[in-house]
1. Would you list A:Val69, A:Val132 from fewest to most Cβ contacts within 10 Å?
2. Dividing the convex hull volume of the Cα atoms of the protein assembly as shown by its residue count, what figure in Å³ per residue is obtained?
3. Can you give the alpha-carbon Rg of segment B:194-265 over 2.2 N^0.38 Å, where N counts its residues?
4. I'd like the per residue volume of the convex hull spanned by the Cα atoms of segment B:60-116, given in cubic angstrom.
5. Of the listed pairs A:Lys19/A:Lys93; A:Lys47/A:Lys121; A:Lys24/A:Lys93; B:Lys49/B:Lys218; A:Lys93/B:Lys173, which have alpha-carbon separations greater than 18 Å here?
6. Kindly provide the helix-only [θ] at 222 nm of chain A, computed as the sum of -39,500 (n - 2.57) over DSSP H runs of four or more divided by all residues, to the nearest 500 deg cm²/dmol?
7. Filter the chymotrypsin sites (Phe, Trp or Tyr not before Pro) in segment B:1-101 to those in DSSP coil with at most 13 other Cβ atoms within 10 Å of their Cβ, and list the result.
8. How high is the relative contact order of segment B:117-271? Use alpha-carbon pairs under 8 Å, at least six apart in sequence, and give a whole percent.
Amino acid sequence: AIMASSAVAFGEMAPGDVKIMDMKVSGSLTGVPGDPAEGRKVFADRKLGNCLACHAVSDQSDQQFHGEVGPELDGVADRWSVDELRAIVVNSKAIFSEQTIMPGFYTLDVGINVRKDLVGKTILTAQQVEDVVAYLATLKE
Amino acid sequence: GACSATAFAGGPVDEQLVIDGEIEMTTRTAPPEGHPLDELISGWHYRTKETRELEADTFENPAMLYVEQGEEIWNTVEGTEGKSCASCHGDASESMAGVGAHYPKWDAEAGRPINIELQINKCREERMGAEPYAFDKGGQKPLTAYIKHQSLGEPMSIDLAEGDMQSWWERGKEMYYTRTGQLNLSCANCHEDHNGEYIRADHLSQGQVNGFPTYRLKQASLVSLHNRFRGCIRDTRAEYPAAFSDELMALEVYVTWRGTGLSVETPAVRQ
């Protein structure tokens, strides 16, 4: 399946069990190291992270359209630690504010009337979150 | 990185829309009292030069074909009563001038607001003995476009003092700020907080309704307002309400108010 699956794989942390403390999610959600190359794809893929919809990043200048709703992510790993980046991707509302437009990618705290086939499912799988975080960690200046 | 792939949108263009060099359109205006935005701006200002030019010239505007189709329907007899719209309303350029700029209107019989599409269906059922159009079907889009086009340039305004309009406005407002779907987004997130910015390839506007039905180049056809509403809700990965449902009528009342004073642009051209 292209979409995140509700079935939490063995050894993965379920969305409801992820603790955000001091703006951090400490430690991997899966125990499997993130793959930055995979994360780079998830970042651009409109059906997955679609992070490019809102964030520009020079590393992906091969992609035609970058949004400007959020900040440019060049050098983002100089500004945030890996555990902070994981918290931002998991549930940005817990880091920025309830008002942020940025979706939470591994949370079930979502909007009303969720499309039926997506109820109880997160936007990304735990491993995709790890992959994206590994990719963000490469964005240093 | 100073050299990024971003092409900054730079917000709405500072230009004036004059249709056929004659009709000066109000595409920027001061908001009504209690409005969250400082200035109301038509979606026209957020489109590319090519798209803006298509709308400014009625001969170039691809949607004018639909308006002509609407005129034909206006004059066509249908139903058991042997009547056309023209049988009762005569010349639309007179009888319908300015009418479309003031919908949705309170319908006392129905006890709810109705839009032009629903008014057309009322006349078809009650006066012509014809079947109501199903959503987006039959002559609904062209006839709606034809009627709204008779208000080209007229500033939109609706009467919230009629009937129960105010409570429908409240309900629509509630919807506008409610986050929907897996992506957890409200209309306001995109159209109030981030208009003027690119979201991937799309330059976000204020999401104004003054151009509907609107010609979308992407779909190469005329798009109705409730279709657009449903598309935006669907994009948040939510289930979306039926066209003409109470939810979408409330939203139409509220969003139309949010564009108070903007000229009717029907048929507008968008990307």
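1. Numbers: A:Val69 19, A:Val132 28.
Listing A:Val69, A:Val132 from fewest to most nearby Cβ atoms yields A:Val69, A:Val132.
2. 152
3. Dividing the Cα Rg of segment B:194-265 by 2.2 N^0.38 Å gives 1.13.
4. Taking the convex hull of the Cα positions in segment B:60-116, it is 121 Å³ per residue.
5. Over 18 Å apart, Cα to Cα: A:Lys93/B:Lys173.
6. Numbers: 4 runs with 33 residues, N = 141.
The per-residue figure over chain A is -6500 deg cm²/dmol.
7. Filter output for segment B:1-101: B:Phe8, B:Phe59.
8. Working: 218 pairs, mean separation 51.3, N = 155.
Reported as a whole number, the value is 33 percent.
Every read-out reported here was derived from the displayed coordinates using simple, explicitly stated rules and does not represent laboratory data. Model, not experiment: these values are computed from the prediction. Every residue, glycine among them, receives a Cβ derived from its backbone with ideal geometry; neighbour counts consider all protein chains shown.
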